[in-house]
Structure formats: structure tokens, C-alpha cells
1. Restricting attention to the range 46-67, does a residue exist that is modelled with pLDDT of 85 or more, part of a helix (DSSP H, G or I) and in contact with a helix residue (DSSP H, G or I) (Cβ under 7 Å, 6 or more places away or on another chain)?
2. Restricted to the range 182-208, and to residues that are in contact with a strand residue (DSSP E or B) (Cβ under 8 Å, 6 or more places away or on another chain) and either modelled with pLDDT of 95 or more or among the hydroxyl-bearing types (S, T, Y) (or both), which residue is surrounded by the fewest Cβ atoms within 10 Å (Cβ to Cβ)?
3. Given (1) buried (at least 20 other Cβ atoms within 10 Å of the Cβ); (2) closer than 22 Å to L248 by Cα, where does P92 come up short, assuming only one miss?
4. Hey, among Q96, Q151, which residue is at pLDDT 85 or above, in contact with a Gly (Cβ under 7 Å, 6 or more places away or on another chain) and among the polar types (S, T, N, Q)?
5. Inside the range 161-181, can you point out the residues that are modelled with pLDDT of 95 or more and touching a Pro at 6+ places or on another chain (Cβ under 6 Å)?
6. Mind counting the residues in the range 164-179 that are part of a loop (DSSP other than H, G, I, E, B) and closer than 22 Å to P107 by Cβ?
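The values are calculated or read from the model by the stated rules, or taken from the named source; none is laboratory data. Since the structure is predicted, the reported quantities are computational estimates derived from the model, not experimental observations. Glycine also receives a Cβ, built like all others from the backbone with ideal geometry; neighbour counts cover every protein chain displayed.
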Amino acid sequence: MGCWPASTWRSCCSWVSCGPGICGSWEAGYLPGRREGPEMTEARRKAIVLGMDGATLDVLLPRSAPPGGRMVHVATLLARGAWGALQSTTPPFSAQAWVSMVTGKNPARHGVVDFWERSPGQPLGQRRGFVTARQIQGETLWQIAGRHGLQVGVVNVPVTYPPTPLPGYLVSGFLTPQGKEDYVYPPSLRDEILALVPGYNPDPFDPLGATKGQLVEIESWMARHEEVARHLAARYPVDLYFSVAQALDHL
């Protein structure tokens, strides 16, 4: 995945490894050690959260460490911010782990305990379909932000299908059912996405693992998702922007 221009997000950051991958968050316009003045308190701060599913610290640190580390922007963010490992959910599957991250609740409280939708007493071998945002019990980070009058943008975050109305936009991600066209809010934004990336699909691969023959397709998928994410972030500025690179978890 490419890098966001430093001129766009001049910031301090924090990184945590949290089971499904790594998440970075930082505030635009905030610098470590800088004391707030009137110009900072009067202007509304903006925040961005980028998640990389499958990119745990044991993967990122060797590839960003100088000299020779290829992920120089990650190295800079790690050096300027704070990072560490956190315990994930039990079991550490992507569906419940991401929902725990965005709600602040454990699986017993938010209701997502598997990739599959299940009912009490249902045999484990029976599956009704993939879990959706309808099963989430509790508010997500962007719903809380919206309730407090902030504009939000959410792109490719797992378990966000179907989208619900919010002050901003949402493009669903991992576990979006194949063939669904209602993966975006507001619905009118779908035409703009398809004009930018014809045939855009939020989650085109088997969610339980891709094959070696799909590696080229996965790389192409990452590029298409990044193009959409960059376009929306640039065209529709928001107070809170949250995007996930999910394709890494298929490698």
C-alpha cells in the first residue's frame, strides 16, 4: 500500500499491534511537545486511523528498521509516536477483533464472536451466513463521533456492511456479501466510485483465505482500494477518517 503525503497528515501518531494487525492513529496539525495555543483550540482537530490487517509488529519492525528498511514512512511514524503490543480477543479472529477495536467492547458485549452469524444452541457445523454490522451491539467509534457533531469517513473497515446513515460517508469492507450494490453510504457515492474504479468490489476474495494464484489479483485489489480511499479522503475532508488495508491478511 502506498503512503499518504506528509503534507496531508502532519502529525504525531500511535501504533498498536492488536491481533488482526496494526493500527495507526494520529491528529493532523499536532506535533509532539507543542503546547496548545489559541490557534489550536479554536480550530477543530482532525484525526486519521489507518489499519493494516495481518501487518503485526513482527512483520513491520524488521521491514522498517534502518538501515535498509523499505518502509521508511512507517519507521518515521514509529520513531515519532508510541507503539506496543496489545492482547487481542479470544480467539483472535479478524471479525470480532476489529469490532472490539471500534466499539471498545469485548466479544461477549458487542455480540460478534465469529465470522459466521450464529444463534444460541446452533450446532457449530451450521452456518447462516457471514456476520454483518447488524449483529454489533453498541456504538462504533464513528457513530459516537457523528453523535457529537463530527464529520466521519469510513473506508474498507471490516464488518461495516450494511452501511447505516452517518454524517459523512462509509464504504464497507471485509465480509461484504458478493454481488451487493448497497455497500456505500450515501448511495449516490457508488456511481462516483465506479467511475473512478470500474467494477469496484469491497471484498472480492474468499474471506477464509486466498490461493497462491490470486497474489497478482490481490495486489491489484489493494491498488484499487487505495485509489478509492485516497480519492474520498482528498475530495471529502472529514474530522475523523478511518480506513483499513485488508488485502494483506489474504497473503
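1. There is at least one residue in the range 46-67 that is modelled with pLDDT of 85 or more, part of a helix (DSSP H, G or I) and in contact with a helix residue (DSSP H, G or I) (Cβ under 7 Å, 6 or more places away or on another chain).
2. Only one residue tops the list, namely P186.
3. Against the list (1) buried (at least 20 other Cβ atoms within 10 Å of the Cβ); (2) closer than 22 Å to L248 by Cα, P92 comes up short only on (1).
4. Of the residues listed, the single one that is at pLDDT 85 or above, in contact with a Gly (Cβ under 7 Å, 6 or more places away or on another chain) and among the polar types (S, T, N, Q) is Q151.
5. L170, S172
6. Number satisfying all stated conditions: 6.
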